[in-house]
Every structure is written in structure tokens, then in C-alpha cells.
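S.K.: Okay, here's the structure, questions in a sec.
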Amino acid sequence: MHIVHTEASHGWGGQEIRILSEAEGMRARGHRVTLIAPASARIHAEAAARGIDAVDLPIGRKRPAGVLALRRWLAANGVDVVNTHSSTDSWLAALACATLARAPTIVRTRHVSTPVPGNRATRWLYIGATRHIVTTGMALRRTLIEENGFPAARITSVPTGISAERFAPGDRAAARIATGLPDDWTIVGIVATLRDWKGHQFLLEAMAKLARERLGLAIVGDGPQHAALAARTRELGLDGRVWMPGDQRDVVPWLRSFDVFALPSYASEGVPQALLQAMLCGLPCVTTGVGAIGEAAIDGETALVVPPQDADALARAIDRLLADQALRSRLGAAARAHCVGRFGYDAMIDRMEAVFRDAVRG
């Protein structure tokens, strides 16, 4: 098949990483894969660096020029399926394909748990213009069925797959040397784009409530909340206890450096890749039940789950883990076993390939 991914977003996070990871997997199976995105978007350069064909079209905004550019490109290139990912490119692709006599099939991937409007135009986009919907978690699928009334047969949940070989427990001491984190500190860590709904601010407040000596927090990632989080760190008197190393191309050494992983998201989640990566590394995790997180984090079995936007509960859960080595070991081992069985990379590619083939057959 010739599979085309469209992405209007200029952001960088789990959604964009999954698109490229999936594209690499499809290309390895002999499919032709093309990414269409604005050249100014980071995903465009990242795709090119991985050897994925990247086409620059003006699809960053909902404008007629984007529809026309997509229409011309699709008409000139033999495409079997267009996999759209954000609202803007989904609308542009739907309108472009609606005006083509021999249009490719559209598959829409929903990566986040934000509500889908219930108006007639949006229903046309999801059901009329789109052949199949993929969600990154069962909770997102249920919402589309139960709240939006979309037909269940048209929606498939395909969680993001992670390599259990790459993300695995490793040498903590060597990892501390690689990251520069102090060997004699206990480190709580988070790996996530610095967006407000990831809950970093609540994690900072939780850390301020924990009076343990040599307890630090590593915030790995970059994004629009960087300045605000740095300011909040100072306000809470956490200078010297918080590390913000920015975006890291290889997060494995950071995960292996952590003693506890925390992801206190309060909105817009499927099954977060960073949480799966941490669990595969055998880390004891504290998170919330937002979106489809519960498919990976089962309270008391594979993680500790706390209410969102509750710094007190978050602090208590972290303190509980730090005080109980046996609990940390049990949760870490159970987390890895759970994720190896349910969130494998090859399984994701298998399922997406089947979705694309079925959609093309129509």
C-alpha cells in the first residue's frame, strides 16, 4: 500500500513520535509511506532524518489553500489510504478527498481524550468522510461509541506499541553517570512534553511537601510550560532539588536513573508512551486514571493511581513508594510484565496494517 500520514500540528510529543514509529514499521514491511506536514513543523524534519518521505504542504491551518494543495497532491500520486491525526489536517483531507473522483480511503487516528463535538458537521467528518477511526485506548473508543453515537464497527483501539527490548531495566549506576544525576540522591522523574495538562505543576507541589533528604525531581522534556515551571520551582523553594535537562533524544538512561516515575496528567491522554516506557523499564509508577491510562496503570497492581490535580494525594503515593522497597519492586516487575503482554511494537504494526487493508478494501 501507499500510506500517507497528515499532521498539521507544529508540536512535538507522543502523537508525533507514534506517527513516525508507525511509519517506520510499515516501511519495514514493504509499504510506501509518505508524511505530509508543513516544513516548519518539527515532525517534517524528524521524518526526513529517519529516511521517511516528507512533503511540505500548507496544512497548518484550516484554509482553502490547504485543501487545494492536498487535492492536487493526492490526484497526482497514487495513494491507497490517508491516515489523519489532528483536527485541522483531518478536515483538510476530508474536503480534498470529497472533491476527488478517485479518492483514497481516510483513516482517522484519535490520540487524545478531549471531547468530540456532537454537531452534524463533525459527524460527517468522522462517519461520512472517514472509513475507519483508530483510538489509542479502549476508553477513547468507548467515549466515541457511548457519547457520540458512532458505530462500534467503525472504531478500533490500537494502543501505541513500545519496544520491550529497548525499554528494559538496566544499570542504574551507569545511567546516573550518563545523565549526570547524583548517585547518592533518590530521584523522582517525569518524561513528558511540558504542557499544562501533564500535571508538572502538581508534581512540583507534591515534591515541596516531601521533607526527605537528598530527594530530587528530574523533569525531562521541553515545551510551552518551561518558563512557568522554572518559576514555580523557585517559588516553592525547590532550587537545587529539581533538574530540567530539556528534551532528550534518548530517554532510556534517564528512566533507568529514576527511583520512581510520576505522570500526574489531568486531561487529553490516551495511553501515554512515556508511562509505558517507564513501566517497561521496571519502574514503580504513580499516575492518574485520566483517558486510557487505566489500561496500563492498575491501582495497587501495576502502579499507584491517584486523583488528578491533587498534590497531596500525589505526595502521599510517592512517599509510600519511597518507604517500601518491596512495594517498589513488586509494582515495577508487574508493570513490565503487563506492558510486555499488551503494548508490544509488532502488535501495533500488525493491527494498524490490518486496519489499513480492511479500510482500503472497503
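S.K.: Report the FRET efficiency, 1/(1 + (r/R0)^6), for residue 358 and residue 186, where r is their Cβ-Cβ distance and R0 is 56 Å, rounded to 0.05. Write down the numbers at each step before the final one.
M.R.: Numbers: r = 49 Å, r/R0 = 0.87.
That gives a FRET efficiency of 0.70.
S.K.: Now for a separate question. Leaving ligands, DNA and RNA out of it, report the carbon-plus-sulfur percent of the accessible area of the chain at a 1.4 Å probe.
M.R.: Numbers: 7350 of 14850 Å².
Exposed carbon and sulfur together represent 49 percent of the surface.
S.K.: In degrees from 0 to 90, rounded to the nearest 10, what is the angle of the helix 64-76 Cα long axis to the longest principal axis of the chain?
M.R.: 70 degrees
S.K.: Label 7 Å along Cα→Cβ of residue 123; region 146-170 residues with amide nitrogen under 19 Å?
M.R.: Correct set: 146-155.
S.K.: Something else: Gain in length, residue 42 to residue 154, computed as 0.36 nm per residue apart minus the alpha-carbon separation, to one decimal in nm?
M.R.: Contour length minus the Cα-Cα distance gives 37.2 nm.
S.K.: Let me ask you something else. State the extension gain, in nm to one decimal, for the chain segment bounded by residue 75 and residue 298, taking 0.36 nm per residue of separation less the distance between their alpha-carbons. Mind showing how you got there, number by number?
M.R.: Numbers: separation 223, 0.36 × 223 = 80.28 nm, distance 4.72 nm.
Taking residue 75 through residue 298 to full extension adds about 75.6 nm, to one decimal.
S.K.: In whole angstrom, note down how far apart the Cα centers of region 103-129 and region 232-291 are.
M.R.: 31 Å
S.K.: 7 Å from Cα along Cα→Cβ at both residue 98 and residue 145: what's the point-to-point distance in nm?
M.R.: Going by the 7 Å Cα→Cβ label model, 2.8 nm.
S.K.: What do you get for the angle between helix 200-209 and the principal long axis of the chain? Use alpha-carbon atoms, 0 to 90 degrees, nearest ten.
M.R.: For helix 200-209, the angle is close to 10 degrees.
S.K.: Tell me the Kirkwood radius of the chain: reciprocal of the mean inverse pair distance over distinct alpha-carbon atoms, in Å. Show your work: numbers first, answer last.
M.R.: Details: mean 1/r = 0.0471 Å⁻¹.
Across the chain, the inverse of the average 1/r is 21.2 Å.
S.K.: Now a separate question. Leaving out ligands and nucleic acids, and using a 1.4 Å probe, what accessible area per residue does the chain come to in Å²?
M.R.: 41 Å²
S.K.: On to the next question. List the residues of region 279-303 whose backbone N lies under 20 Å from a point placed 7 Å from the Cα of residue 171 along the Cα-to-Cβ direction.
M.R.: 281-283
S.K.: Which peptide among 215-222, 281-288 comes first, and what is the full order, when sorted by highest mean count of other Cβ atoms within 10 Å? Mind showing how you got there, number by number?
M.R.: Values: 215-222: 21.2, 281-288: 26.8.
Ranked by mean Cβ neighbours within 10 Å, highest first: 281-288, 215-222.
The values are calculated or read from the model by the stated rules, or taken from the named source; none is laboratory data. Nothing here was measured: the structure is a model prediction, and the numbers come from that model. In this analysis, Cβ positions are derived from the backbone assuming ideal geometry, glycine residues included, and neighbour counts consider all displayed protein chains. Note: accessible area is taken over every heavy atom of the protein model, side chains too, but ligands, DNA and RNA are not part of it. Shrake-Rupley method; radii C 1.70, N 1.55, O 1.52, S 1.80 Å.
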